[in-house]
Amino acid sequence: MAKDTSTKLRNQVIYQIFTRNYKDGTFKSVENDLDRIKSLGVDYIYLLPVQPSGKVNRKGSMGSPYAIKDYRGIDPVQGTMEDFISLSNAIHEAGMKLMIDVVYNHTSPDSVLAKEHPEWFYKKDDGNFGNRVGDWWDVIDLDYNNKDLWDYQIDTLKMWAKYVDGFRCDVAPMIPLDFWLLARTEVSKVNPECVWLSESIEYSFIEYLRKNNITALSDSEIYQAFDICYDYDVYPYMKNAITGDGCLKQYLSKVNTQEVIYPANYCKLRCLENHDRPRAAAMIPNDNVLLNWMAWNYFQKGIVMLYAGEEFCVTHHPTLFDLDTVDFNTGKDISSFVKSLSDIKRDSIFTNSFFTSKVVGNDIILATYEAYKDSACNHKKAIGIFSTTSVSKAVSVPLEDGTYKNAINYEDVDVYEGILSYRGYPIIILV
C-alpha cells in the first residue's frame, strides 16, 4: 500500500464519464452539467481517455478510446485542449477534482510512438508489432524493457498533472511495478496531492497472464504504488450473488477477507457498474432490490464510483466503439437517494474502524463498522442492513433495544429484544 494513502478517500465518491457518449459528447457538455453532478455528492469526476483514437484496425466506427493515437493530444470529437482546460478549471471551481484515464500498456497501431519509436514496442516472432492478449486486436503492446519509454511516459504524466488531480491507470498490473513507483515519485513533484487508481484485475486474468509469462501484478503488489484498487478480486462473486448464480455467503466471505489481507489503510473502488461491466439496473430489475445493492455498495469500506446514468437507473450499456449517447430519460431518478448515501459516506466512522459483514436469513447482508478505540469518530458504530430480495423479515442486530433513525430516510427503526423488523428498504444506523 502506498504509505501516504489517506483513509479519507473512503469518504469520497467518483463519477465516471465516457465523454463521447455523454450529452452532446463534448467537454462543454460535461462542464454545463457540473452543478447537477456536484449535487450527487461527487468528489472526483473521472473521464475515460481524452486523447484521440487511432484509425488502423479500428473497432467500430469511432474506435476504442483505449486505442490511443497520441498520449499528449486531445480527441477532437470531445473538444480542444482549451476546452479540456476550461473543464478542469470549472471542476475545481465547483469544489470537485478531475481524474483521467492512463492507458500505458498499449497504443493504436498508427500511434505517434509507433511511428517515432518502434523500438519501444513488443514484437512478435516475425518481428512485427503485436499484442499479448488476443481479443485486443486493435492495439499493439509497449515494451517496458526500454527505459527511454519510461522517461517519455512519466514526462507525459507530469504534463497532464498540471490540470488533473488523479490518474485511473488501465490494466496497471501489466506494467512493471518499478515504473509505477517511479512515476508516482516524479508526478508528486508536479502535483503532490495526485491520487492513483489502479484497474487491478480478476484473479482469473492474472492466472492467464502468468501462464503466458506476461507481467501480472497482484493487488498486494500494486498497492505499493497506488492508493486505490478496483474490487475485481470480489466482483465475480458479487455479480453471481446478484444474478442468483452464486452464494451470498461466499461473496461476503471474500469481502471480509479484504479486511485482513491488505494494509490497514487500504482503499477499494466500490462500483456496481462501469464501462466494462453490465449496468446494475439491467442486472437488478427490481427497483427496491437495486436500492439495497446501491446502499450496500456505498456502505462498504472504500471509495464509491458511479457510472454516469446510474442515478437514472439506465439499463443500456453503451458501446465503446461507436457513438452511443446515453439516454438519461428513463422515467426514474434516484438522485436524492444517491445524495443521501454520499452524505452518510462522509462520516468518520467509515475511515477509522474495523468492518465485517455476514448473511442473515439467507438473503440479507448485515454489516458492521466498529470504531477503533483510539479514533475520534463521530460515531462508535455503524450498522447496515441490505436485502438481496427485498422481503420483509425479522433481523437480529447488535444493538441495544430502543428507537433509532435510518440515516438514509430519517425514519424511525425500532429494536426490541435485539430484533429489528426489516421491511425491504435499506437501513443504515449510526450510533
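Some notes on this structure:
- Residue check for Arg58: within 21 Å of Asn191 (Cα to Cα) and in a loop (DSSP other than H, G, I, E, B): no
- When Ile37, Ile14, Ile74 are screened for being in a strand (DSSP E or B) and at pLDDT 95 or above, only Ile14 passes.
- When Tyr163 is tested against the conditions (1) within 21 Å of Tyr266 (Cα to Cα); (2) of a type outside the set (Gly, Ala, Ser); (3) touching a helix residue (DSSP H, G or I) at 6+ places or on another chain (Cβ under 6 Å), the lone failure is (1).
- Residue count, region 116-149 (criterion: in contact with a helix residue (DSSP H, G or I) (Cβ under 7 Å, 6 or more places away or on another chain) and of a type in the set (Val, Ile, Thr)): 1
- Filtering region 362-378 to residues that are open to solvent by 50 Å² or more (accessible area, probe 1.4 Å) and closer than 18 Å to Leu399 by Cβ leaves Glu370, Asn378.
- Selection within region 1-21 - open to solvent by 30 Å² or more (accessible area, probe 1.4 Å) and touching a helix residue (DSSP H, G or I) at 6+ places or on another chain (Cβ under 8 Å): Gln12
- Residue check, Ser53 within 20 Å of Ser108 (Cα to Cα), out of contact with any helix residue (DSSP H, G or I) (no Cβ under 8 Å at 6 or more places or on another chain) and surrounded by fewer than 22 Cβ atoms within 10 Å (Cβ to Cβ): no
- Of residues in region 258-280 being in a helix (DSSP H, G or I) and in contact (Cβ under 8 Å) with a residue 40 or more places away in the chain, the one surrounded by the most Cβ atoms within 10 Å (Cβ to Cβ): Gln258
- Positions within region 313-355 being touching an Asp or Glu at 6+ places or on another chain (Cβ under 7 Å) and over 30 Å from Gln78 (Cβ atoms), in sequence order: Ser353, Phe354, Phe355
- Among residues of region 201-223 that are touching a residue at least 40 places away in the same chain (Cβ under 8 Å), those with a Cβ under 8 angstrom from a residue that is open to solvent by 70 Å² or more (accessible area, probe 1.4 Å) and not aromatic (Phe, Trp, Tyr), sequence gap 6+ or separate chain, pair up as Ala216/Arg210; Ser220/Ile261.
- Some residue of region 303-317 being in contact (Cβ under 8 Å) with a residue 40 or more places away in the chain and more than 21 Å from the chain's Cα centre (by Cα): no
- Of all residues in region 92-105, those being open to solvent by less than 40 Å² (accessible area, probe 1.4 Å) and either of a type in the set (Gly, Ala, Ser) or not in a loop (DSSP other than H, G, I, E, B) (or both) number 6.
- Taking first residues from region 357-379 that are under 30 Å from Gly244 (Cα atoms) and assigned to a strand (DSSP E or B) and partners that are open to solvent by less than 80 Å² (accessible area, probe 1.4 Å) and at pLDDT below 90, the Cβ contacts under 9 Å between residues at least 6 apart in sequence or on separate chains come to Ile364/Val391; Tyr369/Cys377; Tyr369/His379.
- Top-ranked residue of region 22-42 - restricted to ones that are buried (at least 22 other Cβ atoms within 10 Å of the Cβ) and on the phi < 0 side of the Ramachandran plot, ranked as farthest from the chain's Cα centre (by Cα): Phe27
- Taking the criterion of being over 14 Å from Tyr152 (Cα atoms) and touching a strand residue (DSSP E or B) at 6+ places or on another chain (Cβ under 8 Å), the residues of region 112-128 that qualify are Tyr122, Lys123.
- Per this entry, Lys254 is not counted among residues that are touching a residue at least 24 places away in the same chain (Cβ under 8 Å) and open to solvent by 40 Å² or more (accessible area, probe 1.4 Å).
- Qualifying residue in region 349-361 (condition: open to solvent by less than 20 Å² (accessible area, probe 1.4 Å), farther than 21 Å from Asn256 by Cα and not β-branched (Val, Ile, Thr)): no
- Considering (1) over 19 Å from the mean Cα position of the chain (by Cα); (2) not in a helix (DSSP H, G or I), the lone condition that Tyr46 does not fulfil carries the number (1).
- Of all residues in region 397-418, those being open to solvent by 70 Å² or more (accessible area, probe 1.4 Å) and at negative phi number 8.
The values are calculated or read from the model by the stated rules, or taken from the named source; none is laboratory data. All values derive from a computational prediction rather than experimental measurement. Cβ atoms come from the backbone with ideal geometry, glycine included; neighbour counts cover every protein chain shown. In case anyone asks, the SASA skips ligands and DNA or RNA and just uses the protein heavy atoms, side chains included. Shrake-Rupley method; radii C 1.70, N 1.55, O 1.52, S 1.80 Å.
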